[in-house]
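First comes the structure, then the notes that go with it.
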Amino acid sequence: MENKQQSNGVMKENNAVKKKVNWSGSLIVASLTGAFGSSFLYGYNLSVVNAPAGYIKKFYNETWERRYGSSVDEGTLTLLWSITVSIFAIGGLVGAIIVTPIVKFFGRKCTLLLNNVFAVAAALLMSLSLLAGSFEMLILGRIIMGVDGGISLSALPMYLSEISPKEIRGSLGQVTAIFICIGVFTGQVLGLPEIFGQESRWPFLFGAIIVPSLIQVVVLPFLPESPRYLLLEKHNRSKAEKAFQRFLGKDDVSHEIEEVLAESRVQRNTRLVSVAQLLRTRAVRWQIVTVVVTMGCYQLCGLNAIWYYTNNIFSESGINRETIPYVTLSTGAVETLAAVFSGLVIERLGRRPLLIGGFGSMIVFFAVLTASLTLQNTVHWLPYLSIFCILAIIASFCIGPGGIPFVLTGELFQQSQRPAAFMIAGTVNWLCNFAVGLLFPFIQAGLQTYCFLVFAGICFAGATYLFFVLPETKNKTFHEINQAFAKRNKVTLEMQEMNHYPGERKSSEEQESNFTSSVDNGETKKGIV
């Protein structure tokens, strides 16, 4: 009886320990610094070209006239500007494709650091283009900045998901989305006429990219690499323990080490899989489909269309054109506040309610916006309803669909599959981004205000899929999440474990022996094939 009471006491104590999660200084600094030099720059480069668009087009025209003795025709100028804007997505696709071998060889933290080479090179090219009289430098800089974005949007969520305890993995993962929103808002603020939104100052908008990069280069080297990467891929137990101790703010990390080792035993070995191997693995088939759907809906749900319509709707509501840039700041502010709210509640409400609820709210407000835009000339107050719908759609997006897809990609796959999974997610993300930029003008020209019904349909399809397929991943280990998908993938748990690596498998006893020898004494050895 006494032993039973003692046992119950120990269990309660363990549960209390599990519920108490400390946000250590290293964890906070790593997440903020990593995001400031990565996802912040992605968001910043989405909005930074909007304010100086007229000045940049004038620069293109003057450069063309100086070279060829005549003004550029309107069609060519539009083409050059479209290339300048959309080429960012092509660079992003390149970055998403090359990120897998980079994070495998250099690690998560070092990849973020090396990625700043692209950011600084792009900033120098774009900021000096006016002085050099070369619009090609600006376009090349946009491509290189896209590569930076493609790498950072895969490497950063990967790093954050691997350094955070599972109890706050969602909140920490939302840092990516929060800093994207802050980057967009910062681009809007710096683009105001009082700051850099003038003809002589627009190059400074691009030169400012160097600041976050330099801060990351100075701070991030003093923080540890991902402990999961150190243990499972570099087989260095001593460094992994030190990294866990720094990030978790405690000395005893034996439970965390054992949890990671248990995952490695489930996987049979820690060899990274390629994209082709991952696509052939039946045990993660629905995880891959889920990532493709969430990332596709992330780009295709119509937020880009909202940005396209914003100035026009504000103008129709009677707002003075000179005042519109300041009113537009409200969209960036709402976006940032909604993302912060999502980060605060994601561990209480879970991923499913925020994703499905976000898409569901967007459907409603898209329908109302379509009606208000169609009838706005008949009722004087409808333009104000349109403004409210715009802000509501932005908030709905940022609360759920705006950041959770990055969190899910880190949660649905085990360590050895994660780089390939992020490559797939990144490819879908950037291809859809490019498709929206390419096709939306035609959709808008053909359907006018009814184009929002297309986006409402995409949101409905995404919400329906997630309702029936996506399990809740809050506070679950990677192995538990895979177990939740086992039935849908039509594999037994044993078959699921074996299916992680089709082809090259050893006996579990031999692998266990090899893994143990490779992590003993914190040394890197070639014990795992």
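Overview of results
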read-out: Segments 221-230, 409-418 sorted - mean Cβ within 10 Å per residue, highest first; value: 409-418, 221-230
read-out: 0 to 90° range, to nearest 10: angle between helix 324-349 axis and the chain longest Cα axis; value: 10 degrees
read-out: Cα long-axis angle, helix 2-19 against the chain (0 to 90 degrees, to the nearest 10); value: 20 degrees
read-out: Assigned charges on the beta-carbon of Lys, Arg, Asp, Glu; region 273-500 dipole about Cα centre (debye); value: 640 debye
read-out: Alpha carbon centroid spacing (whole Å) that separates region 372-434 from region 137-176; value: 16 Å
read-out: Carbon plus sulfur fraction of accessible area for the chain, probe 1.4 Å, in percent; value: 64 percent
read-out: L131 paired with Q483, simple spin-label distance in nm, labels 7 Å along Cα-to-beta-carbon; value: 6.1 nm
read-out: Inter-part distance where region 207-244 and region 82-127 are each reduced to a Cα centre, Å; value: 18 Å
read-out: Ellipticity estimate at 222 nm from DSSP helix runs (n ≥ 4, -39,500 (n - 2.57)) divided over the chain, nearest 500; value: -24500 deg cm²/dmol
read-out: Residue-normalised accessible area of the chain, given per residue in Å² at a 1.4 Å probe; value: 42 Å²
read-out: Listed residue pairs exceeding 30 Å between alpha carbons, taken from K242/K487; K250/K490; K166/K490; K57/K109; K109/K250; value: K242/K487; K250/K490; K57/K109
read-out: For region 24-223, size of Cβ-based charge dipole, Lys and Arg +1, Asp and Glu -1, in debye; value: 460 debye
read-out: Tilt relative to the chain, helix 210-219 - C-alpha long axis, 0 to 90 degrees, to 10; value: 20 degrees
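The values are calculated or read from the model by the stated rules, or taken from the named source; none is laboratory data. What you see is a predicted model, and the numbers here were worked out from it, not measured in a lab. Methodologically, a virtual Cβ is constructed for each residue, glycine included, from the backbone with ideal geometry; neighbour enumeration extends over all protein chains shown. The accessibility values were calculated without ligands, DNA or RNA, using every heavy atom of the protein model including side chains. Shrake-Rupley method; radii C 1.70, N 1.55, O 1.52, S 1.80 Å.
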